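Enquirer: Below are the structure tokens for one structure; questions will follow.
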Amino acid sequence: KMKEVFSTSVGAKLGQEALKNGVEAGIIGTIIVLLFMIVYYRIPGVIACITLVAYIYLLLLVQNLMGATLTLPGIAAFILGIGMAVDANIIMYERIKEELRSGKSYLSALRAGSKRSLSTILDANVTSIIASLVLFYFGSSAIRGFAVTLILSIIVSMITAVAGSRFLMNLAVRSNLFNKPGYYGVKERDIREL
């Protein structure tokens, strides 16, 4: 059984300032992540940025519909969720790059990379949901808010970062507009001939 050993309270002005600083840090961090994804992953990075913006919008929408108040633990869970959504994209894109390097066609690489990455992404998200449920069950109100936001962010990221990203990648590959390995962050000299 958990009991509170220490707690502090802050005035409305200090709390408002901390909330503002937390939101600013989240925005700056998100912009840096978006730029990294575009520079390193190219076309998949652009797709990751689109799905990440959709993730942020949907999560804010869900929290607004629930009438949730944005607190510091909620912001922390929100930013952690952004990292997890990007992580799911990175896992999938790295698998696709491996398949491209092995000499597969773009569509085959997309299918194989998506299939190979799904179990890893699901395992990571399921274990995070389990940890969040434990936090919710044993935690106080601030910890419960963190846990609820994290669970919501994981569910929304599965929709956007996994399903949405795969859909958009499929459209990009099938369009034949991006049929150079460089568009996917793969150098032509690294591709092995079958």
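The values are calculated or read from the model by the stated rules, or taken from the named source; none is laboratory data. Quantities reported herein were computed from a predicted structural model and do not represent experimental measurements. Using ideal geometry, Cβ is built from the backbone for each residue, glycine included, and neighbour counts are taken over all protein chains shown. Note: accessible area is taken over every heavy atom of the protein model, side chains too, but ligands, DNA and RNA are not part of it. Shrake-Rupley method; radii C 1.70, N 1.55, O 1.52, S 1.80 Å.
Enquirer: Only one of 60, 107, 100 is among the aliphatic types (A, V, I, L, M), under 18 Å from residue 171 (Cβ atoms), more than 14 Å from the chain's Cα centre (by Cα) and open to solvent by 40 Å² or more (accessible area, probe 1.4 Å). Can you tell me which?
Expert: 107
Enquirer: Has region 122-131 got at least one residue that is on the phi < 0 side of the Ramachandran plot, assigned to a helix (DSSP H, G or I), more than 16 Å from the chain's Cα centre (by Cα) and not hydrophobic (A, V, I, L, M, F, W, C)?
Expert: No; the residues of region 122-131 include none that is on the phi < 0 side of the Ramachandran plot, assigned to a helix (DSSP H, G or I), more than 16 Å from the chain's Cα centre (by Cα) and not hydrophobic (A, V, I, L, M, F, W, C).
Enquirer: Here is a list of conditions, (1) of a type in the set (A, V, I, L, M); (2) in contact (Cβ under 8 Å) with a residue 24 or more places away in the chain; (3) out of contact with any helix residue (DSSP H, G or I) (no Cβ under 7 Å at 6 or more places or on another chain); (4) closer than 30 Å to residue 27 by Cβ, and residue 118 meets all of them except one; can you say which number that is?
Expert: Just one mismatch for residue 118, condition (4).
Enquirer: Residue 136: in a helix (DSSP H, G or I), open to solvent by 50 Å² or more (accessible area, probe 1.4 Å), of a type in the set (Phe, Trp, Tyr) and farther than 22 Å from residue 90 by Cα, yes or no? Show your work before the answer.
Expert: Numbers: in a helix (DSSP H, G or I): yes; open to solvent by 50 Å² or more (accessible area, probe 1.4 Å): yes; of a type in the set (Phe, Trp, Tyr): yes; farther than 22 Å from residue 90 by Cα: yes.
Criteria met by residue 136.
Enquirer: Using beta carbons and a limit of 7 Å, which pairs, at least six apart or on different chains, have the first residue in region 165-176 and under 17 Å from residue 117 (Cβ atoms) and the second one open to solvent by 50 Å² or more (accessible area, probe 1.4 Å) and assigned to a helix (DSSP H, G or I)?
Expert: The qualifying pairs are 168/50; 173/106.
Enquirer: Right, another one. Out of everything in region 151-194 that is over 12 Å from the mean Cα position of the chain (by Cα), open to solvent by less than 30 Å² (accessible area, probe 1.4 Å) and not β-branched (Val, Ile, Thr), what residue ends up being farthest from residue 86 (Cα to Cα)?
Expert: Ranking the qualifying residues of region 151-194, first place goes to 181.
Enquirer: Could you tell me which numbered condition residue 65 fails, if it satisfies all but one of (1) of a type outside the set (Gly, Ala, Ser); (2) open to solvent by 60 Å² or more (accessible area, probe 1.4 Å); (3) more than 16 Å from the chain's Cα centre (by Cα); (4) modelled with pLDDT under 90?
Expert: (4)
Enquirer: Continuing with the same structure: How many residues does region 138-156 contain that are under 9 Å from residue 74 (Cβ atoms) and of a type in the set (Val, Ile, Thr)?
Expert: Final tally of qualifying residues: 2.
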